[in-house]
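The values are calculated or read from the model by the stated rules, or taken from the named source; none is laboratory data. Owing to the predicted nature of the structure, the values given are computational and were not obtained by experimental measurement. Cβ coordinates were reconstructed from backbone atoms using ideal geometry, including for glycine residues, and neighbour counts include every protein chain displayed. Areas reflect the complete protein model, heavy atoms only, side chains present, ligands, DNA and RNA absent. Shrake-Rupley method; radii C 1.70, N 1.55, O 1.52, S 1.80 Å.
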Amino acid sequence: MAPELVLVLGDQLDRRSPALDAAACDEAVVLMIESAGEAAHAWSHKQRIALFLSAMRHHAEALRGDGWTVDYQPLQAGHDSLADGVCDAIARHRPQRVRMVEAGEWRVQQMIDRACAEAGAELQVHDDSHFFCSREEFARWAGGRKQLVMEYFYRDMRKRFDVLMENGRPAGDAWNFDRANRGSFGRHGPGEVPTPLRFEPDAITRGVLDEVEKRFPGHPGSLEGFGWPVTPAEAEAALKDFVTRRLPSYGRYQDAMWQGQPWLYHAGISAALNLKLLDPRRAVDAAVTAWDAGDAPLEAVEGFVRQLLGWREFIRGVYWLEMPAYARHNHFGHDRPLPSFFWNGDTELNCLRQCFGDTLANGYAHHIQRLMVIGNFALLAGLRPQAVCDWFLGIYVDAVEWVELPNTLGMALHADGGVVGTKPYVASGAYIKRMSNYCDGCRFDSGKRSGADACPFNLLYWNFLAQHRETLTANPRMRLALKNLERLDDARLEEIRAGAAGFLAKL
Ligand code: SF4
């Protein structure tokens, strides 16, 4: 009888996790389970499945190297769900206790709680020390506040962890350089952008890629060019590559998009962070060190720190505060099914075609492609939030529910009615035109609101404002947009409505 079973989930690949710290290396058994059910629960991109499996298998090897006994249940073991695998392991090992770090997904934690209870095993769940802020600390911060504003949380985190602070004041005498983070590339484009470091698949990864191709042939996306970091050493190398080669321009161009340039100046380390191959403290330190050394400007470093110390922690706090009811929100009552081009990229709208193309090729698109093109379209077209969330969860390699759900349902779709974002992030074709060159290669005209070549984003934008005018009036941040809506006379508005209805009918 093993005294303890330490359950390590696919997004908990931290060799210094609190569950491992609390267990005795020479007595406990580490349990890792590959479950086909998890790949199908969110209809996952092939690269997402491959990344999880490869990183898990590397992690198991590393733990064995550290002296742990690892009971690794591969796909061939046939566990349809994690619960099956846990029950089976409890029956085989008959442990005194099961330990784990809290799951990143409410559903998974429920499933494991139930499995252990049914199998009669004690379950000890440890706080996830990967994050700067624990769930309890966030709940305390949120308690009694009418609205949760990320900016205030972020300032508290900066002070608490003494990041980019000088004599009690924010470095540069400003908390936020958001305005300096909205540059576009102009007519000539970004020019030569240093491409992110990609990692040649080793024998373990090559085995996984073959297996994913055979077992999950109908899943979306392509495995070609798979180069994600799958070990802590590779994650560290990816971080270093970003900090030295792209961070200096990251701040200025973080909202910009360009056809054929999926990576631009972005870090590309979100998957490594979310699988816990990389500690966010390490990433924050590396960026701040670059600023200290004069190698990166403050607006770039602050923008990066805001994403990690502010947004990422805030989103996780909101997820655990609001689940499980949060997943069911549908503020605007939208119920249109996903168009097929979400799965194949086959659409005449060039901005969407490019963003879906990047997504299907790499399992990745940067945050403005996700938020202001795909998410914006999903909101304006009235797509059912839960279908959109399922798509985002399965299609991006870095998606784990705690981060994906509030970002999609809250930030992109405003389906939570404003828990996460203070307004719906909707924009017409003019925004996409300003921030990218997508419109140059499009059959539609971003400047038109009527006629056969009117940009669908324009039709849908004004149609959305008109349709939800009453609800939106309550939001002071929508005042300007609604004022512009008032300028449209009835005939023009009717024309837009008819154009939008015609477009939506063909989806
Ligand atoms: Fe997208 Fe409209 Fe520009 Fe075409 S014209 S790329 S649909 S924003």
Take the residues of the range 450-462 that are over 30 Å from the mean Cα position of the chain (by Cα) and within 11 Å of the ligand (Cβ to nearest atom): which is farthest from ASP255 (Cα to Cα)? ASP453
All helices (runs of 4 or more DSSP H) inside the range 378-440 with 2 or more residues being surrounded by 24 or more Cβ atoms within 10 Å (Cβ to Cβ) and within 16 Å of the ligand (Cβ to nearest atom): 429-435
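Is it fair to say ARG182 is surrounded by fewer than 18 Cβ atoms within 10 Å (Cβ to Cβ), in contact (Cβ under 8 Å) with a residue 12 or more places away in the chain and under 30 Å from SER35 (Cα atoms)?
Numbers: surrounded by fewer than 18 Cβ atoms within 10 Å (Cβ to Cβ): yes; in contact (Cβ under 8 Å) with a residue 12 or more places away in the chain: yes; under 30 Å from SER35 (Cα atoms): no.
Judged against the criteria, ARG182 is not a match.
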Could you list, ordered by first residue, the pairs with Cβ atoms under 6 Å in which the first is in the range 13-37 and touching a residue at least 24 places away in the same chain (Cβ under 8 Å) and open to solvent by less than 10 Å² (accessible area, probe 1.4 Å) and the second is aromatic (Phe, Trp, Tyr) and outside any helix (DSSP H, G or I), at least 6 apart or interchain? VAL30/TRP68; MET32/TYR72
Restricting to the range 456-475, give me the number of residues that are touching a residue at least 60 places away in the same chain (Cβ under 8 Å) and not in a helix (DSSP H, G or I). 1
When the range 479-496 is examined, which residues are found to be of a type in the set (Asp, Glu) and either within 16 Å of the ligand (Cβ to nearest atom) or in a helix (DSSP H, G or I) (or both)? GLU486, ASP490, GLU494, GLU495
Can you work out which of the residues in the range 193-214 that are at pLDDT below 95 and of a type outside the set (S, T, N, Q) is surrounded by the most Cβ atoms within 10 Å (Cβ to Cβ)? PRO196
Mind checking whether some residue in the range 463-478 is under 30 Å from the mean Cα position of the chain (by Cα), closer than 23 Å to LEU383 by Cα, open to solvent by 20 Å² or more (accessible area, probe 1.4 Å) and within 10 Å of the ligand (Cβ to nearest atom)? no
Scan (1) farther than 28 Å from TYR364 by Cα; (2) within 26 Å of the chain's Cα centre (by Cα) for the single condition PHE199 breaks and write down its number. (1)
Taking the range 223-250 and keeping residues touching a residue at least 40 places away in the same chain (Cβ under 8 Å) and within 19 Å of the chain's Cα centre (by Cα) leaves PHE226, TRP228, PRO229, VAL230, ALA235, ALA238, LEU239, PHE242, TYR250
I'd like to verify a number: residues in the range 335-377 that are part of a loop (DSSP other than H, G, I, E, B) and within 12 Å of the ligand (Cβ to nearest atom), how many? 3
Restricting the search to the range 1-50, which residues are of a type in the set (Gly, Ala, Ser) and over 23 Å from the mean Cα position of the chain (by Cα)? ALA2, ALA19, ALA22, ALA23, ALA24, ALA28
Pairs, please: C-beta under 9 Å, at least 6 apart or cross-chain, first residue over 10 Å from LEU338 (Cα atoms) and of a type in the set (A, V, I, L, M) and in the range 369-396, second at pLDDT below 95 and within 16 Å of the ligand (Cβ to nearest atom)? LEU371/TYR425; MET372/ASP255; MET372/TYR425; LEU379/TYR425
